1. Counting only protein heavy atoms, what percent of the accessible surface of the stretch 136-276 is carbon or sulfur at a 1.4 Å probe?
2. State the answer as a single residue: which of Leu411, Thr173, Val201 lies farthest towards the positive end of the charge dipole of the chain, with beta carbon charges of +1 for Lys and Arg and -1 for Asp and Glu, about the Cα centre.
3. Considering only the other residues whose Cβ falls under 11 Å of the Cβ of Phe298, what net charge follows from Lys and Arg at +1 and Asp and Glu at -1?
4. Spelling out what I want: for every residue of the stretch 306-315, take phi, set θ = phi - 60°, compute 6.51 cos²θ - 1.76 cosθ + 1.60 (Karplus), and round to whole Hz; glycine and proline get x.
5. Calculate the spin-label point distance for Lys56 paired with Thr472, positioning each point 7 Å from the Cα along the beta-carbon direction, and give it in nanometres.
6. If contacts are Cα pairs under 8 angstrom and at least 6 residues apart, what is the relative contact order of the stretch 242-389 in percent?
7. Roughly speaking, what is the stretch gain from Glu356 to Glu109, that is 0.36 nm per residue apart minus the C-alpha to C-alpha distance, in nm to one decimal?
8. For Val368, what charge total do you get from the other residues with a beta carbon under 14 Å from its beta carbon, if Lys and Arg give +1 and Asp and Glu give -1?
Amino acid sequence: MSFKLVAAVALLCFFASVNGAEEDVLDLTDDNLASSLAEHETTLVMFYAPWCGHCKRLKPEYAKAAELLRGNDPPIALAKVDCTEGGKESCNKYSVSGYPTLKIFKNGEVSQDYNGPREAAGIAKYMRAQVGPAAKYFHKPEEIDAFLSVKEPCIIGYFENDDDMYKMYLKFTEKYREKYRFGHSSSLPVMNHIDEKNVIVLYRAPQLANKFEPASVRFTGKSSAELEAFIKENIHGLVGHKTQDVASDFKNPILTAYYSVDYAKNPKGTNYWRNRVLKVAKEFAGKLNFAIAAKDEFQHELNEYGYDFVGEKPVVLARDIKGLKYTMKEEFSVENLQAFAQKLLDGELEPYIKSEPIPESNDAPVKVAVAKNFNELVINNNKDTLIEFYAPWCGHCKKLTPIYDELAEKLQGEDVVIAKMDATANDVPPEFNVRGFPTLFWLPKDSKDTPVAYNEGREVNDFLKYIAKHATSELNGYDRTGKEKVKKDEL
């Protein structure tokens, strides 16, 4: 493509403070809400309470989103209404029952509840998808230059005629309008400036431009499925910038460098380290995935690997195809990263396991599993096993405790292990899909590779009936229906 981007775009720095960004958010009350909504074709309104913790966390992201949407075409306004002060009547009118509540207004009327992301980039992307066509039409090359200058990737189609690819592309943009930025053109001024017609081009975010890979790539397939796969494979490049908004795009096996990633205030410093990661990623293209991430934004991931603090140099953490975790213990350098990546690829690294100490005594009816003894106690015990993953603060878990203890007491002497593990203090093996607490799994002794989620009742008799029915061998004290057997000396 022959479009010339303004060179300063890639190095642009935003030094606006959060207070400055808040100036882009309309502060509305009962007196001016209706008139303001009527003035703007599209407005996102946050109904909040000053004391609300979720609102306090959202406000700076909301302000940053408003800054990102400044000058958007078509315009999008972001507003906030304090439901405890000047906006009480409005909050009642729009049935606000919890905080924060976000609603999208079109021409003064509620269009829909906002169910999108709660961080700045995600809010901006979601709201852009709510206005205008799914793919912006360009009449002039300069309009494309402006579209490309935004610090986000985009996809643009250039079509001379309404052929099958053109129709497929427009249908595709409607389906994915909330995830990606799209454009297209067939105007003569644009067509006169491009080298290839009837083509779809993916442009990576301008701040990620580097010497190791092209800034744009052309789609050579024909189908919607091929286009979807093409975008997923190429949109982040060799070393993507992982944010909360796009974290799910990054798949295992992956190496991530965590440091002070900040393309708004320090693009030069951010790319200083990224370029070194790129040099290694180029060698492992197609074999391993690479990313950079802001250490403050992903402190929860660092905590999973035992890191409470990251200094000036990046910390590199990895996951293999199975999801097992690895940490590069050596100080960051291109050479150390190369060696670490090769060892990960060759399976020569020792996984990092977060674990509580193995209990000195484990004689209670409910056995305590930790990451370090999990295989021995749960997987390789040659017994049917019921395992509970819990969190110490979980109310439902606390309620289950006496029931679980009673169950374990009743099953003492049986070929069954009743176990529990604190999933907040220990790494849960990848094959156990724990998304809430408590989560329980049944593992028959002869098929431990396929844990079965326990979704039955949570009373003692419910557990007994399930275990009696599914036990590999019939229980000594209970028949297959869970009914207690009569002992011979009781006859």
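The values are calculated or read from the model by the stated rules, or taken from the named source; none is laboratory data. Since this is a predicted model, take the numbers as computed values, not measurements. Cβ atoms come from the backbone with ideal geometry, glycine included; neighbour counts cover every protein chain shown. Note: accessible area is taken over every heavy atom of the protein model, side chains too, but ligands, DNA and RNA are not part of it. Shrake-Rupley method; radii C 1.70, N 1.55, O 1.52, S 1.80 Å.
1. Using a 1.4 Å probe with all protein chains present, the stretch 136-276 comes out at 51 percent carbon and sulfur.
2. Val201
3. So the environment of Phe298 carries a net charge of -2.
4. x, 9, 9, 8, 10, x, 6, 7, x, 9
5. Modelled inter-label distance: 5.3 nm.
6. Computed over the stretch 242-389, the figure is 23 percent.
7. 83.5 nm
8. On the way: positive: Lys367, Lys372, Lys420; negative: Glu356, Glu360, Asp363, Glu376, Glu388, Asp405, Asp422.
Summing Lys and Arg as +1 and Asp and Glu as -1 gives -4.
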